[in-house]
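Worksheet: one structure, shown below.
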Amino acid sequence: MLMKVEELNRVLYVDLTKKDIKVRDRTDLFDEYLGGSGVAIKLLEEECPTGIDPLSAANPIIFAVGPLTTLYPTASKTVAMFKSPLTGNLGESHCGGRSAMAIRLAGYGAIVITGSSDPLLYLTIDGDKVKFRDASSIGGMDAQTVGRILREVETGSGVRTIIRTGRAGGKLVRYACAVSETYRHFGRLGLGAVMGSKNLKAIVISADKSVEIPKDKRKEYGEVYDEIHDVVVKSDAMKKYHDLGTAGKLYEMNKLGGMAHKNLESASAPEAIARELSGENFANKFLSRRISCAHCPVGCVHLASLRELYEPGYYFKTTTIPYDNEPIYAVGFMLGMEHAEDCLRLIDAVDTVGMDIMSTGVVLAWATEAYAKGLITKAHTDGLDLRWGDVPTYLAAVEKIVEMPTEFYQNLAMGVEHASSVYGGQDYALAFGGNEMPEYHTGIACYINNLTGARHSHLDSAGYTLDQKLIGKEFDIEEVVKSLIAEEEWRQILSSLVVCFFARAVYTSERVLKAMAAIGLENWSPKKLEVVGRKIHRAKMNFKFREGFDLAKIRIPKRIFEVPTPHGLLKEEDLRKAIEIYSEMISAQKSGDL
Amino acid sequence: MVKRLAVLDVNKCIGCMECMFACSRREGRVGFDKSAIRVRSAGGIERGFVVVVCRACEYPPCVKVCPTDALRLRKDGGVILNKDKCIGCGFCAQACIMGAIFWDDEQDKPIVCRYCGDCADYCVHDAIGLVDI
C-alpha cells in the first residue's frame, strides 16, 4: 500500500486498559517539531499528568520516528519517551534495529501507549490492524525466548520489529530495558519497567506500506540520497564503526586515563587488562558477525560467538552475544574483569534478563566497593561474596537483582542513587541525576554533560569529546557550557529527524535541509533548525523541572574529584559553577531567542 | 555480455536492506512492496542472512508453468515478464522453490528481477553483484 511522505503525521493511540485504538492526524506537531524527540516530548507533555508514579497506568509510552526515517541511509532510530522510573523525570531512550523502519512503514509517525492491561498482553501492529494478544504464557520468559516464540507465531518475517522485555521488566527493576531484534536495546532509563507496569510484554510491528516520493521530487531525492549514501560509506565513521565497532575506542580511552575502572578507583586499568578488554581482542577472539540496523550500510553491531563447556561429558554451548563500548565498560572495566570471555558471559546474563547494562554494571560496582568497606554484609547480599572480577558471583547477583530475595536486592533494583541513600556510600555511588554514569572520566565537560544532559546520557552533549579536544589548551568554562548546550540543542534536531548520532558528521545543517527539501519539506532554514532544536531541548528540560528535577540540588559523588582526569583533578566548586552558568544560560535564552 | 544478479558472499551481508530499498526506489517508492529482492535472517540473526533473488536458472520452472507465455526466457539467460500477457495466476511464484518471485498486490502480478544491478550498486559490502551468465 502506498502512502504519502506527509502521512508521517498519523499517530496511533493504543489504550491498554480499554483495549481500544484510534488514529489521529497530528500534522500540528510534526510540522513544528519534525518528529522523534521533538514530537515525543510534546506528546509526553499532553499524555503524562504531573507528578504521577512512573509505574502507574497513567504513565504513557511514546515511540516516535521522523521525516527522514527510512527515507535516507542511517535514519534508522526510534525515540521512546516516558516518565522514567529510575530518575523520576524525563525518560528518553533510542533504539535502532528494525524498529524505526517498521513503525514508519506500518504507517505511523508515532505510537502512544497508555493504560494498563489485565491480563498480560503483547501487542501486534500490522499496518492498520492492531491486536491485543494474551501473553500470559510468556510472561516469565527472557527476552531472547520471547523473541523466538513471537517470530514464529506472528507474520511479517524480515520486515518487522519485535520490542520485548525480559524478566526484569515484569519484576519492575527500575532500569529494565526493552530489547528489539535480540541485539538492540531501548537501554537506558527503564522503558522495560514501564512496559512491565502496564502488563505489556512485547510489541510486534510489521511494515506493510511504502512511502511514495512525489513524482516531481524523484530526481532530486535520488541525487540527495546518493550524496548522503556516498558520504556515509566513505566517512571515517563508516570504517571505524564497521571494523572494530564502538569497542574500538576502549583501549585508547583507557590509555588516555579517562576510563572508569573498578567503580572509578582509577581512571585507567592496567595495560594487560586494557589489551584484554580492547575492541581488537574481542574482534580477534570472538567476533562472529557484523550486522546493521535497517537502512544503514555501516553495520556497527558486533556479535561475538562464545563456545563454552557447561557440563562434563562434552556438553558445549555456543552463544551469540552483542558487544559494544558501553557494555564492556560497564561489566568489564567497572567490575574489574580480567578476561574478555568473562565480560561476554556477564553481557549475556544481563541481556537475557533484560536490564540496562550500564546501570547494572555501575550498581554492582558500587555494591562491590560497599561490601569491601563493610557497609553491606553477606546478610544483605544473600551470601554472595562480591569481589572484582568474580564472574560466577556477579552472574548470581544479576539473577538476584531480578528475583530480589532480600530487601538489599530490592533496593539495588531501584538504582545506585536509591541504594546508596539507604546503605550509605554515596561518595562513590556513581549516578548523575539518578542515572548511572558512562565510562568517561575525561574532564569537566563530561561531568557537566552527565549532570545537565536531559537524559543524563553521554550522548546528550558528548562532553567526553569536548574534553579530549581541550587537552593541553586553556579554556573558559562559560565557553565550554555554551558549546555543550549548542551541541545538545543540535542533537535534538538529529533525534527528531531521526538519524543515528553515529552519522552526525554526515547530517550537517546544510545536508539536513537538502534531505528535507528533496522530500517536499521546504520552508526550513539553518536558523529555524537551530531555534526548533532549542525549543525541543527546553521542552525536555521543562518536563524535568516540572517533575521536580533541580540542578541546584543535584548530588555529585565525591569520587570524581579524587581521581585525576587527563586534565588533572577536578574541583567541585568549578563543576557547581558550571551548572550555575548552565542554568542561567538556558533560562536567559528561553524567553529571548524563541 | 548478458548479466544476472548473484549472491557473491552471503557471509558479508549485514542485513541493512539497502538492496531492497534500492530496488523499490526505481519505482519512486521507499518500502518493499515492489522489491524483487529480499533479505531475511536465516532463522535468527545469529545465523546470518539469506538473500532471496532470481538466480536466472538455466531451465526456469517459472517459465515452464506460465500458461500465457507472459514469462519467457531472456536471450542468453534469465527471464522476462510481459505484464500485458500476465493473468496473475501465480503459478510462477509457486513453481519457484527459491521463493524469488514476489507478488505485487496492487497489480496482482509477479515481481521478477530485471538484473539491472541497482541493488548491487548500493551493496557496499559486496554480498551481491552482477555476474556474466
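Laboratory data are not the source of any read-out in this text; all were calculated from the coordinates shown. Everything quoted here is computed from the prediction, not taken from an experiment. Neighbour counts run over all protein chains shown; Cβ positions are idealised from the backbone, glycine included.
Brief remarks follow.
- Anisotropy class of the range A:49-99 from Cα gyration tensor, a/c 1.5 cut: prolate
- Total formal charge among the other residues, if their Cβ is under 9 angstrom from that of residue A:433, Lys/Arg +1 and Asp/Glu -1: +2
- Rg/Rg_globular for the range A:36-190, with Rg_globular taken as 2.2 N^0.38 Å and Rg from C-alpha atoms: 0.99
- Relative to its residue count, the range A:1-63 spans a Cα convex hull of 100 Å³ per residue.
- Taking a straight line from the alpha carbon of residue A:19, these aspartates and glutamates sit under 18 Å away, with near neighbours fewer than eight places off in the same chain left out: A:47, A:118, A:126, A:128, A:134.
- Cysteines in chain B lacking any other cysteine Cβ under 4.7 Å from their own Cβ: B:13, B:16, B:23, B:57, B:66, B:86, B:89, B:96, B:116, B:123.
- Top of B:47, B:25, B:74 by mean-square fluctuation, Gaussian network on chain B, Cα under 10 Å: B:47
- Highest average packing first - A:77-84, A:459-466, A:377-384, Cβ atoms within 10 Å: A:77-84, A:459-466, A:377-384
- Ratio Rg/Rh, restricted to the range A:278-319 and using Cα atoms, in which Rh is the Kirkwood radius: 1.16
- Reach of residue A:373 by Cα under 19 Å, taken over lysines that are not fewer than 8 positions away in the same chain: A:262, A:558
- Unsatisfied cross-links (Cα-Cα over 23 Å) in the set A:131/A:544; A:18/A:83; A:285/A:317; A:482/A:544: A:131/A:544
- When the alpha carbon coordinates of chain B are projected onto the principal axes, the ranges are 41, 33, 29 Å, largest first.
- D by Stokes-Einstein for the protein assembly as shown, Kirkwood Rh over Cα pairs, 25 °C, 0.890 mPa s: 93 µm²/s.
- Pairwise label distance in nanometres, residue A:308 with residue B:1, each label 7 Å out on the Cα-Cβ vector: 5.0
- For a straight C-alpha distance cut-off of 15 angstrom, the aspartates and glutamates reachable from residue B:85 (same-chain residues fewer than eight places away being disregarded) are B:69, B:108.
- Summing charges over neighbours of residue A:288, with a neighbour being any other residue whose Cβ is under 12 Å away from its Cβ, gives +4 when K and R count +1 and D and E count -1.
- Residues of the range A:169-211 with amide N under 18 Å of the 7 Å Cα→Cβ point at residue A:288: A:181-184
- Working note: 222 nm ellipticity from helices only, DSSP H runs with n ≥ 4, each -39,500 (n - 2.57), summed and divided by the residues of chain A, gives -12500 deg cm²/dmol to the nearest 500.
- Net charge over other residues, Cβ less than 14 angstrom from the Cβ of residue A:359 (K, R count +1; D, E count -1): -3
- Debye intensity ratio in log₁₀ form over the Cα atoms of the range A:236-435, taken at each q of 0.07, 0.08, 0.10, 0.18 Å⁻¹: -0.21, -0.27, -0.43, -1.23
- Per-pair calculated FRET efficiency, R0 = 41 Å: residue B:126 and residue A:52 via Cβ, rounded to 0.05: 0.20
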